[in-house]
Amino acid sequence: MNPTVLHQAAEPEHIAISKSKGIKIDWKDGHHSDYLLGYLRDECPCASCTGAHGTEPQKTNYAAEDAAPKDLFPMFKPALKMLSVEEVGSYAIKISWSDGHNTGIYSFDHFRKICPCEQCKAAHGG
Ligand SMILES: [Zn+2]
Ligand SMILES: [Zn+2]
């Protein structure tokens, strides 16, 4: 276990946004995170996606679409995109998705928590 990895303050140094690809964040502590669109959509922290109000979580599975060959899934609608990305104060980003979802407010703490790199996955135990 390496508890320092989990308790660093999440402060971005630089954020690179591509509405058709995803978001990359360089953190002030030198860490680098690279989030694919589908993964970010799946990790939406809003109440309806997480079931925070006791409702059934509305989990999406866009990450599987990121990974799957598109010709296996001919019924798929147009590729997922971000329509707009707004800063919320200095602590979060609000993303509007092309599937109509726009209630997710991604705090930088959340971004850091869901960092998909090997180091962070290992720190989270899988
Ligand atoms: Zn959501
Ligand atoms: Zn990481």
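Read-outs throughout are calculated quantities, based only on the coordinates presented, and are distinct from any laboratory measurement. No experiment lies behind these values; they were computed from the predicted model shown. In this analysis, Cβ positions are derived from the backbone assuming ideal geometry, glycine residues included, and neighbour counts consider all displayed protein chains.
Here are the numbers for the structure shown:
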{"quantity": "Sum of side-chain charges, K28 neighbourhood, beta-carbon under 14 Å (Lys, Arg +1; Asp, Glu -1)", "calculated": "-4"}
{"quantity": "Gained length - H110 relative to S18, 0.36 nm times residue gap less alpha-carbon distance", "calculated": "31.2 nm"}
{"quantity": "Of K59/K81; K19/K59; K19/K121, those spanning more than 23 Å from alpha-carbon to alpha-carbon", "calculated": "K19/K121"}
{"quantity": "Proxy reagent accessibility, fewest Cβ within 10 Å first, across R112, R41", "calculated": "R112, R41"}
